[in-house]
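Before any comments, here is the structure.
The values are calculated or read from the model by the stated rules, or taken from the named source; none is laboratory data. Nothing here was measured: the structure is a model prediction, and the numbers come from that model. Here the Cβ positions follow ideal geometry from the backbone for every residue, glycine too, while neighbour counts run over all protein chains shown. All accessible areas refer to the heavy atoms of the entire protein, side chains included, with ligands and DNA or RNA removed. Shrake-Rupley method; radii C 1.70, N 1.55, O 1.52, S 1.80 Å.
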Amino acid sequence: MKIEQKFALVSDTSEISLSEVWSGFSPMWEGAPALFDHDQDLLIFSTVEHAEVVRLELEAQLLAPVESLHLLLLPSAMHMRKEFTDYGFISHSNQIYGYADNIFLFTVHSEDSQAQPYQALEQMEEHLLASCSENGLAIYLTDHHSDELMLRIARAYHCSIEALHL
């Protein structure tokens with residue numbers, strides 16, 4: 001299971017489509033950083049350095065601010081609830097992304113013989129935005145404000161939580 005950091009750019013104004021600007025502009029830019037993915041008006045890059053170089057160039061070309069976003073590329077097996085759309089999206093290439101600053105990704109582990117992981121997960125269920133099982137490891141996603149609540153629930157059932165944020 002691999003959760004990867006990605007870096008996106010988005011225009012601060014709705015009148016500018018970065019995807020359209022990029023498709024017309026990038027062929028003329030010798031050595032332009034490779035675009036990893038895109039979604040509507042988001043341009044997604046593999047490294048923060050690539051995103052920053054493009055952001056500065058686009059701001060100079062457009063004479064308008066361009067915002068940077070930190071994303072997490074999530075496992076393709078992720079099952080999302082409808083509320084997930086406030087915390088992430090599925091790109092044009094069907095990749096699942098979460099807004100890194102807004103989500104809490106974690107696994108639940110049994111600490112001892114008194115652990116009750118099923119009861120802990122039952123309590124957590126109403127707060128979950130997405131989940132998946134990858135290589136035998138169950139991964140859960142909730143909003144970043146619920147991290148302490150998840151930890152308290154886990155402790156109450158003699159379990160622990162491992163945060164998966166990078």
Of the residues in region 74-102 that are of a type in the set (A, V, I, L, M), in a strand (DSSP E or B) and free of Cβ contacts under 8 Å to residues at least 60 places away in the same chain, the one that is farthest from C159 (Cα to Cα) is I90
Total residues in region 38-58, condition among the charged types (D, E, K, R) and open to solvent by less than 50 Å² (accessible area, probe 1.4 Å) = 2
Among the residues of region 23-37, write down those that are of a type outside the set (D, E), touching a residue at least 24 places away in the same chain (Cβ under 8 Å) and either open to solvent by less than 30 Å² (accessible area, probe 1.4 Å) or touching a Leu at 6+ places or on another chain (Cβ under 9 Å) (or both).
-> F25, F36
Out of curiosity, is A64 closer than 26 Å to L141 by Cβ, open to solvent by less than 70 Å² (accessible area, probe 1.4 Å) and not polar (S, T, N, Q)?
-> no
Working carefully through the options E20, E4, E15, find the one that is charged (D, E, K, R) and either in contact with a Phe, Trp or Tyr (Cβ under 7 Å, 6 or more places away or on another chain) or modelled with pLDDT of 85 or more (or both).
-> E4
Does Q123 satisfy the condition of being touching a helix residue (DSSP H, G or I) at 6+ places or on another chain (Cβ under 6 Å), among the polar types (S, T, N, Q) and touching a residue at least 12 places away in the same chain (Cβ under 8 Å)?
-> yes
Test S113 against the stated conditions and say whether it is in a loop (DSSP other than H, G, I, E, B) and either open to solvent by 40 Å² or more (accessible area, probe 1.4 Å) or at pLDDT below 95 (or both).
-> yes
Do we find that I139 is in contact with an Asp or Glu (Cβ under 9 Å, 6 or more places away or on another chain), part of a strand (DSSP E or B) and touching a residue at least 24 places away in the same chain (Cβ under 8 Å) in this structure?
-> no
Condition broken by H50, with the remaining ones in (1) touching a helix residue (DSSP H, G or I) at 6+ places or on another chain (Cβ under 7 Å); (2) modelled with pLDDT of 90 or more satisfied | (1)
Every residue from region 1-26 that is among the small types (G, A, S) and part of a strand (DSSP E or B) | A8, S11
